[in-house]
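Structure first, then comments.
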Amino acid sequence: MTTTRRDFLKVTALVGGGLTLGVSLPGAVSDAQAAGTLYTPNAWVHIADDNTITLISARSEMGQGVYTSMPMLIAEELGVDIRKINVEIAPVGEVYTNTLLGGQLTGGSTSVREGWEKLRVAGAQVRTMLVTAAAQKWNVDASKLHVSDGKVIGPGGRKATYGELADAASRLPVPTDVVLKDPKDFKIIGKATKRLDTPRKVNGTAVFGIDVKLPGMVYASLEQCPVIGGKVVSFDSGKAKAMPGVIDVVQIRDGVAVVADSYWRAKKARETLTVTWDEGPVARIDNASMMDGIRNAKDAPTPIKKTGDADAAMKTAAKTMQAEYWSPLLAHATMEPQNFTADYKDGKCLVVGPAQFQQGTQGNVAAALGLKPEDVTVKTTFLGGGFGRRLEYDFAVQAAEISKAVGKPVKLLWTREDDTTHDFYRPMALHRMAGGLDASGKPVALTFQLTSQSVTQRAFGLPKGALDPFMSEASVVGYDIPNMTQELIEHDSGLRVGYWRSVSHALNAFANESFIDEMAAATGKDPYLFRLAMLDKQPRFANVLKIAATKAGWGNPLPAGRSRGIALMEGYDTYMAQVAEISVKDNEITVHKMWVAADLGRMVNPDTVEAQIESSIAFGLSSTLGAEITLDKGRVQQTNFHDYPVIRMLQMPRIDVTLVKSTEKPGGIGEPATALVGPAVANALFAATGKRLRKIPLSPDNIKSA
């Protein structure tokens, strides 16, 4: 769906003596759907009589900083101190649809990209209406007025606060067009700004899902089949019911829940359950069978892009080469285990917790309980990590089913072991790469074929054979290679899969950038210069590559035992290069430093941008150096951080980040840096040892066997 600036903007009715501006899209729902969830219905900006300004954020705060960046966009146009803007999370409503993703969800590094114009226009409309209201009140020309620090200021020193003008402004027609501030006049956007949510997270007043308390609430711990998708045949709850504090033991679709007056009592009683399971078809799956299925997949390839004739160019190339790359199953491993609180009563249900996909949560809870969606109210808390895991809603549905079964508000808490063994995993993937070089060593052909599962088919019913755009990210390289073919094979391995931070960028960049490095090695050329020679037509790519290499001192002597690798990618309209400096001892990699150059267009908050790059590298290093999910008879073998390692502080390298100043449209930054860690470190490993690992993770065992 495409929209113009005019299409974005509609205004709601007067609410409580304040001005409420709603930014609606074609087909937006009425105000009534939001009523009862927040004091400000179906709106983005509310200015109350007491001069408080509230932004309704349609994006979940999961550490990426939207509770600061979104208010910055509003504050810039309103001319107010960002610290004077309150932030509340939006209820479920079509008005809050993420137009880049087609639903009310947070992901894909879209928050700033999608809100960049929408929220600035919202702020500009409110500003215009307030100025008009003041002009009418004072009987002066609006052009003689200006705004500053939450006030409209007129000739002769006249002043009126926004709160004083809000009532009158709300009665005015909505401007169909507004003038946005010239970027050269920005005072807030583009300036490093401390996060608004930090004080709450430090002093403990920030409410995460795990903190939620409702009157009369009880606690649940859920025993699920050790094989994902398995169902209960029978169970014995005699011992559990005799335990102190146990209120009930109930069966729901996903397992058997023990409900008690404390979480610990529920968990301890759950350990006494005896359950007989129908393990289902997933019990036949293990890693070897999944790899065999992927390797032998007969599904017809789906084309991504074709440039020139790669097959013909391969036949005449002076040298050809090919390689296969494997990427493993991965868990999300959010620091806050999955949880949700539900209160079913009189045919309606309230669910409260950490959600990335509010519409999906509402709709699926409603379907599970036999309710209409409007009878389910979703309240979103802070998220203790998302990474795509909280786009799912299994734990919210479970909490709602348990609440209905026991007739009480219930908080469902998963253990870390539940979380690790019952995830929606990043898919296993095989890349088949081939390339051709001319007599001078210049690439003349490149072919790329990915075989993996389609998360979008599983999650949203994408038709078989249709191109899944979330599988093809970063599949097409930016290099000037005249003949290229990119295609994918969608093969269902039988295990449920989900979107994972950077989605398919990490899979595809690992294959592409490792293979480009192999081509450079085959010609005896420096991997940095080899890449740079193919970027004459790509100035943004070339710029970040030069910056990263220069900052890292590429080509200069290295400390003893150190080696470097380089990688390059565009993801979510952000152009990025990374250099990793490593050493290897006893087949174990130590990453000492990483240099990052990122061109993401205009930035709202550079401080958050840098933090997101750093956190993405930490996330990417975890999967690069050791994290991997394996299956045996359908059972996930990893259970906690002892065997699904997340990077420790002592493993974290120094990170040098260079942010390119740009006037291009904003790009996403919450995910791209994760994708480049794998190939940068793998290429450094090759430089250090001469071993080319084509399988992630780059663990000691894999290095030893290479």
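A few notes on this one:
- Radius of gyration and maximum dimension Dmax of segment 557-690, Cα, Å: 16.2, 53
- Normalised by residue count, segment 496-634 yields a Cα convex hull volume of 153 Å³ per residue.
- Kirkwood Rh (inverse of mean 1/r, distinct Cα pairs), the chain, angstrom: 27.2 Å
- Once Rg and the Kirkwood radius are both taken over the C-alpha atoms of segment 445-574, their ratio Rg/Rh works out to 1.03.
- The tail of the calculated P(r) for segment 305-344, taken as Cα-Cα distances beyond 14 Å, holds 74 percent of the pairs.
- The length gained by stretching the chain between Asp526 and Asp632 to full extension, at 0.36 nm per residue less their Cα-Cα distance, is 33.9 nm.
- Under the membrane-span-like helix rule (DSSP H runs whose alpha carbons stretch at least 15 Å along the helix axis, mean Kyte-Doolittle hydropathy 0.5 or higher), the chain yields 66-78, 394-406, 672-689.
- FRET E, pair Ala367, Thr99, Förster distance 25 Å, beta-carbon r, rounded to 0.05: 0.50
- Out-of-range pairs (alpha-carbon distance over 21 Å; input Lys118/Lys372; Lys348/Lys411; Lys184/Lys661; Lys305/Lys464; Lys315/Lys691; Lys372/Lys404): Lys118/Lys372; Lys315/Lys691
- The length gained by stretching the chain between Lys691 and Glu374 to full extension, at 0.36 nm per residue less their Cα-Cα distance, is 108.4 nm.
- Here the label points at Gln322 and Asp278, each 7 Å from Cα along the C-beta direction, are separated by 4.4 nm in the simple model.
- Proportion of all alpha-carbon pairs of segment 406-474 beyond 14 Å (%): 75 percent
- Here is the tail figure for segment 378-432: Cα pairs spaced more than 19 Å apart come to 41 percent of all pairs.
- Most to least packed among 345-355, 210-220 [average Cβ atoms within 10 Å]: 345-355, 210-220
- Net charge contributed by nearby residues that have their C-beta within less than 13 Å of Glu324 (K/R +1, D/E -1): +4
- Calculated FRET efficiency, Asp311 to Phe460, Cβ-Cβ distance, R0 = 56 Å: about 0.95 to the nearest 0.05.
- Å² per residue, accessible surface of the chain at 1.4 Å: 39 Å²
- Exceeding the 26 Å Cα-Cα cut-off - candidates Lys537/Lys665; Lys84/Lys181; Lys408/Lys633: Lys408/Lys633
- The simple spin-label model puts a point 7 Å past each Cα toward its Cβ; for Met335 and Asp81 those points are separated by 2.9 nm.
- For segment 277-397, the Kirkwood radius over C-alpha pairs fed into Stokes-Einstein at 20 °C and 1.002 mPa s yields D = 112 µm² per second.
- Relative pair counts by distance (%), Cα atoms of segment 224-287, 10 Å bins: 24, 45, 23, 7, 0
- Paramagnetic reach from Asp701 in segment 273-292 [backbone N under 19 Å; point 7 Å along Cα→Cβ]: 285-292
- Equivalent-ellipsoid semi-axes of segment 349-440, from the Cα gyration tensor, Å, largest first: 39, 15, 12
- Projected label points at Ala439 and Lys184, each 7 Å from Cα along the beta carbon direction, are separated by 5.5 nanometres.
- Surface/4 estimate of mean projected area, convex hull on alpha-carbon atoms of segment 265-332, nm²: 9.6 nm²
- Taking only the C-alpha atoms of segment 149-269, Rg followed by Dmax gives 27.9, 82 Å.
- Helix-derived mean residue ellipticity, 222 nm - over the chain, DSSP H n ≥ 4, -39500 (n - 2.57), to 500: -9000 deg cm²/dmol
- Applying 1/(1 + (r/R0)^6) with R0 = 30 Å to the Cβ-Cβ distance of Glu614 and Asp586 gives a FRET efficiency near 0.60.
- Fully extended contour minus Cα-Cα distance, from Asp292 to Val202, at 0.36 nm per residue: 27.5 nm
- With the highest mean first, a sort of the peptides 158-167, 145-154, 288-297 on other beta-carbon atoms found within 10 angstrom per residue produces 158-167, 145-154, 288-297.
The values are calculated or read from the model by the stated rules, or taken from the named source; none is laboratory data. Source: prediction; values computed, not measured. Don't worry about glycine lacking a Cβ; one is built from the backbone with ideal geometry, like all the others, and counts go over all protein chains shown. Ligands, DNA and RNA are stripped out before the accessible areas are found, and what is left, the full protein with its side chains, is counted by its heavy atoms. Shrake-Rupley method; radii C 1.70, N 1.55, O 1.52, S 1.80 Å.
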